[in-house]
Amino acid sequence: MGRIQATIPDELEEALRKAMAKRYGWRKGVLRDVVTLALNDWLSSVEAVNTLEKVLTELEDKGVVDKNFAKEVLRQKEIFERERETLEAKYKGLVVVACGGEFFAGETFKEAVEAARKKFKDLPYYSESIKRIDHPSVRVRG
Amino acid sequence: MSLKYKNDAAYATVSLVGKRRAMIEALIDTGADISGIPISKCVEVGFEVEGFRLFRGLFGAGFLPVFRGRVELMGILTETAVVGLLNEESIVGRDLLSNFKLSLDWKEKKVEIEDPQRNEDEESI
């Protein structure tokens, strides 16, 4: 096993220890498990952004999207990833659109997009549905 | 109006109206929350990309572009967002189907689609 040493703000450490004690009690190895979980989550979000970046680059090369569009979609995706935990708790089963740094949720994609477009007319957006299947019958390339 | 029935599924003829026009045959898919058109076709008719979405299917997930354009089904022209698909299949999802009454008779291999609003209007004339 590797060993990592890091300095974090006092408030964060206090909040972390309180949350760990409340959720898991005072047992050995809890900090290691929580840090591993947090790092894995962070790596998954980086991986997701990298995959999106790759798809956007492919479409940019084909002339389907331009550089500014790709940059803005990636920015919205990063904002989405930073708030993922909150969004998953708040909007389970709904479609969420991240646009202009804000979030718009709806029962359907159409509803969420219309709300976003009402506020930010033509700004590119990034969207995901929260814990639901969008196209059950279609095999989507991963 | 009866829809085309082939390979044990129903298909509708849909017009894509962008800077150019094209007609396609699309699978009726009541499981899809949004209609899907091949990216190549969206580009061909001049639909604009407006965003990106992570689409989840039962067999995986992927990031796909979302295009805005006008789609005509049963004579009704709707401005809508459609997902750009990587393969050459097109599907009509609930975003467009929700405007219609769809009757499925799989035993007789017959699928009827009608616009209830239009029927009401015709009856009142």
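The values are calculated or read from the model by the stated rules, or taken from the named source; none is laboratory data. These numbers were taken from a predicted model, which means no experiment stands behind them. Cβ sites come from the backbone with ideal geometry, for glycine too, and all protein chains shown count toward neighbours.
Going residue by residue through segment B:46-69, is there one that turns out to be over 27 Å from A:Glu53 (Cβ atoms), modelled with pLDDT of 90 or more and of a type in the set (A, V, I, L, M, F, W, C)? Checking segment B:46-69: not a single residue is over 27 Å from A:Glu53 (Cβ atoms), modelled with pLDDT of 90 or more and of a type in the set (A, V, I, L, M, F, W, C). Strands (runs of 3 or more DSSP E) fully within segment A:37-142 that include at least 3 residues being away from chain B (no Cβ under 11 Å): A:102-106. Among the conditions (1) within 30 Å of B:Lys41 (Cα to Cα); (2) surrounded by 11 or more Cβ atoms within 10 Å (Cβ to Cβ), A:Leu87 misses just one, which is (1). The number of residues in segment B:14-47 being surrounded by 14 or more Cβ atoms within 10 Å (Cβ to Cβ) and in a strand (DSSP E or B) comes to 12.
Here the condition is being out of contact with any Asp or Glu (no Cβ under 7 Å at 6 or more places or on another chain), surrounded by 16 or more Cβ atoms within 10 Å (Cβ to Cβ) and not small (Gly, Ala, Ser); of A:Val97, A:Val35, it holds for A:Val97 alone.
Residues in segment A:100-127 that are touching a residue at least 40 places away in the same chain (Cβ under 8 Å) and either acidic (Asp, Glu) or surrounded by 19 or more Cβ atoms within 10 Å (Cβ to Cβ) (or both): A:Pro124, A:Tyr125, A:Tyr126.
Of the residues in segment B:69-92, how many are outside any loop (DSSP other than H, G, I, E, B) and touching a residue at least 12 places away in the same chain (Cβ under 8 Å)?
The qualifying residues number 16.
Can you spot a residue in segment A:16-25 that is at pLDDT below 95 and closer than 30 Å to B:Ser40 by Cβ? Scanning segment A:16-25, I find no residue that is at pLDDT below 95 and closer than 30 Å to B:Ser40 by Cβ, so the answer is no. The selection criterion, being assigned to a helix (DSSP H, G or I) and facing chain A (nearest Cβ under 8 Å), holds for B:Asp95.
Considering the conditions (1) more than 22 Å from B:Leu64 (Cβ to Cβ); (2) surrounded by 12 or more Cβ atoms within 10 Å (Cβ to Cβ); (3) of a type in the set (Ser, Thr, Tyr), A:Thr51 is excluded by exactly one of them, (1).
Any residue in segment A:23-41 that is under 12 Å from the mean Cα position of the chain (by Cα), under 24 Å from A:Arg132 (Cβ atoms) and touching a residue at least 24 places away in the same chain (Cβ under 8 Å)? No, that holds for no residue. Out of A:Leu43, A:Leu56, one residue alone is surrounded by 12 or more Cβ atoms within 10 Å (Cβ to Cβ) and of a type in the set (A, V, I, L, M). It is A:Leu56.
Residues of segment B:60-91 that are facing another protein chain (nearest Cβ under 10 Å) and of a type in the set (A, V, I, L, M, F, W, C): B:Ala61, B:Phe63, B:Leu64, B:Val66, B:Phe67, B:Ala81, B:Val83, B:Leu85, B:Leu86, B:Ile91.
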